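Asker: Encoded as structure tokens, here's the structure I'll be asking about.
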Amino acid sequence: MHPIAIPAREDRPRDQHENFYWLQEDYIRGKQAGAGWSFTIWRPQIVFGGAVGVAMNLIPIWVLTARSAVSWGCRFTARASIAQ
């Protein structure tokens with residue numbers, strides 16, 4: 001582990017270690033080369049979490065919860081804080 005320049009930018013050189021996102025991107029780029037399709041890379045804009053060493057991104061959790069609620073015929077609500 002080491003500090004990185006903030007804000008992180010896509011045009012900066014990659015760290016010299018295996019990273020799931022870069023491995024996945026390289027795999028997709030390899031499959032896409034010469035094919036008749038394209039792709040878009042989307043990385044989370046914000047990550048929430050209080051556990052050290054664990055990446056927690058709340059957005060996918062909200063999406064999965066909302067999609068599940070809709071598929072079960074339930075109403076989905078997301079509170080911005082416990083005080084509400």
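The values are calculated or read from the model by the stated rules, or taken from the named source; none is laboratory data. Every value quoted in this text rests on a predicted model; they were computed, and no experiment measured them. Methodologically, a virtual Cβ is constructed for each residue, glycine included, from the backbone with ideal geometry; neighbour enumeration extends over all protein chains shown.
Asker: Where the second residue is assigned to a helix (DSSP H, G or I) and of a type outside the set (Gly, Ala, Ser) and the first is under 16 Å from ARG43 (Cα atoms) and lies in the range 3-26, which pairs have Cβ atoms under 8 Å and are six or more apart or on separate chains?
Answerer: Correct list of pairs: ARG14/TRP22.
Asker: Another one. Taking TRP22, is it surrounded by 10 or more Cβ atoms within 10 Å (Cβ to Cβ) and either at pLDDT 80 or above or of a type in the set (Asp, Glu) (or both)?
Answerer: yes
Asker: So, one more: Would you check which residues across the range 35-65 are of a type in the set (Gly, Ala, Ser) and at pLDDT 85 or above and list them?
Answerer: ALA35, GLY36, SER38
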